[in-house]
Structure formats: C-alpha cells, structure tokens
C-alpha cells in the first residue's frame, strides 16, 4: 500500500519566495543647478543673489549644502568655454548651507573697466558639484561716489532733501519707491503733505553702476515757514483819518494781517490785528502829527511774516 505525503508547505514556500531584483546604487545627491543668479555693481562691489534649489538631480530633497561658490572672471576669447573660464576665474565662497535664497557681496575694483562673467554652483558633502548656473555678464565701472551729509527737512511747499560730495544724478526713494532724481545736492518733493510722515533714501546713479542707498531719513512734514511780508503798502490822509491799503498775500493759508504804528520817531506798537482784508482805517490820529506804519501777515499756524516796508504820513 502506497502512502502520500502532503506537499502544501513546499508549494507555499515556492510561491512566497519571489525575485526582488538587483540592489539599487546609492544616490549621488548632486544638487540641481541654480537658475536665477542676479548681479549688479554697487559702489566698488558686486552684489549677487540667487536661490539654492530644493532638489538633487535625482529629484531627492536636499537636506544641506556643503559649499557654495561664485566665480567671476573675464570671458574667454574665441567663444565660450566653461572649463577655460572657470580655471581662470576668481572663486568667491558664499556663506550658505541650505536651500533657499542666498546673497553675497565682493570687491570688484580689480575688474574696473572690464567685462566679467559670473556663475555659481553648489556642492554636497562628498564634493560632488552641481552644474554651473545661468551666466551673468557685467561691465565693471569706476565706482560711483556715495553722497554724504544726507538730510531731509520740511519746505514751504512739501519737503526738501540735501546732500554733499556728489553733484551727479541721485535717485530719490520715498517709502521705498523711487519718486525721481535730484542733482547738485538737492531734491524738492512738492507732493509731501503737511502732517504726514515719510521715509527718504538716496542712491547715486552712474552710467552703469550705482552707489549704495543712503538713509533712511524719517521726516514729519511741518509748516514752520512764515508768509511773505505784505507788499505795496500805501497811506492816504482822510478827514481826520489815515487810510492804509496793501496787496493781499498769495499764500492760501493766510489768517489775517496786523498793523503797527509809530508816532513821530517813537517805537512801533500794534494798532490792529487779524484783519481779514488788506486795508485799515486809523481813526486815532491828530492833525499835524507824523505817523509811520508797517504791516505783517499771519498764517493759520500762527507763523508771522517779517514786516512790510515802512511808510509815513503827516496828517494835514
């Protein structure tokens, strides 16, 4: 009699042991190249900024960066050759160790008057470098002088900025936005409103290069400026009176006028104040007496003008 033994266990073993393939090679973790290198000259330096990518060339997340370098050098003759350019270019280390925005600044005076090419690359901890970034070509100019003694102050019509040491064009920024250019050490801002607070900066502008921004200067625009002295004062003797008239002041915020009088060679004293109209009748006069008159103007903020020209009359 033949006996049969179960083989289910053997069959099960054969089914459960599948082929899993050859082991994968370790990831190289080479960073992706930078795509957005930007550079500009500011004074005697070149400011560069860029973004370190988040992924490797194998599309894996970058956890840290071991080294970042910018190279700057003259463009090779006979067409572009990245190896020849990199071999002759100056290497500048950038202090950055993780993905995201990065920036650096370096002295460029040795390249003044020349055209240079910049590129950046990153490396992992095993020394494997990314490809070079986009190239930036820049002509290095003679450095622009930075203005000094920058000041911002209120003016009769808005605000006024001043500086020394640079007579060329200067870009003016108000609250971070460029609003125009000044020159010869001055810029007027007629759109600055009374009572408002503004922040100003300036930046010297050359043909290709700019100076660094100077400031900020914070200014609250105030009216500390008296109106002009009234003009055209004239006097006419009437019947026991002296009639005064003068030209109205052109300022829109005139509150009124004051009249000052002196008898003979005596001292001046006010005989009328806050007159709405540019005219006054002096009824307190004596026949045969000599009188001298002056007028001042007052604005809404109680700023008082200097006196007008002096006129005199002897009452007949």
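What follows is calculated from the coordinates using simple rules that are stated; it is not laboratory data. The shown structure was predicted, so the numbers you read here are calculated from the model rather than taken from an experiment. Note that we place each Cβ from the backbone using ideal geometry, even for glycine, and neighbour counts take in every protein chain shown.
The gain in end-to-end length when the residue 207 to residue 139 segment is fully stretched comes to 23.4 nm, 0.36 nm per residue minus the alpha carbon separation. Each peptide in 309-315, 149-155 gets a packing score, the mean of other Cβ atoms within 10 Å over its residues, and the list from highest to lowest is 149-155, 309-315. Applying 0.36 nm per residue to the separation of residue 253 and residue 197 and subtracting their alpha-carbon distance, the gain on full extension is 18.1 nm.
Working note: Cα gyration tensor of region 177-252, eigenvalues times five, square-rooted, sorted largest first, giving semi-axes of 47, 15, 8 Å.
Size descriptor for the chain, Kirkwood hydrodynamic radius: 27.5 Å (Cα pairs only, one decimal). In the frame of its principal axes, region 158-316 has Cα extents of 77, 27, 22 Å, reported largest first.
Each peptide among 256-263, 160-167, 103-110 gets the average number of other Cβ atoms lying within 10 Å of its residues, and from highest to lowest they stand as 256-263, 160-167, 103-110.
If I stretch the segment between residue 69 and residue 28 completely, what's the gain in nm (0.36 nm per residue apart, minus their alpha carbon distance), one decimal? Provide the component values of the computation, followed by the final result.
Numbers: separation 41, 0.36 × 41 = 14.76 nm, distance 1.97 nm.
Extra length available between residue 69 and residue 28 comes to 12.8 nm.
So what is the 222 nm mean residue ellipticity for the chain from helices alone, if each DSSP H run of at least 4 adds -39500 (n - 2.57) and you divide by all residues, rounding to the nearest 500 deg cm²/dmol? The partial results should precede the final answer.
Numbers: 2 runs with 16 residues, N = 316.
So the helix-based figure for the chain works out to -1500 deg cm²/dmol.
Per residue, the convex hull spanned by the Cα atoms of region 148-220 amounts to 77 cubic angstrom.
Taken along its principal axes, the alpha carbon cloud of region 224-290 reaches lengths of 41, 24, 18 Å, longest axis first.
Report, please, the projected area of region 38-139 averaged over directions, based on the convex hull of its C-alpha atoms, in nm². Intermediate results must be reported in sequence, preceding the final value.
Values: hull surface 26.7 nm².
Reported value for the Cα convex hull: 6.7 nm².
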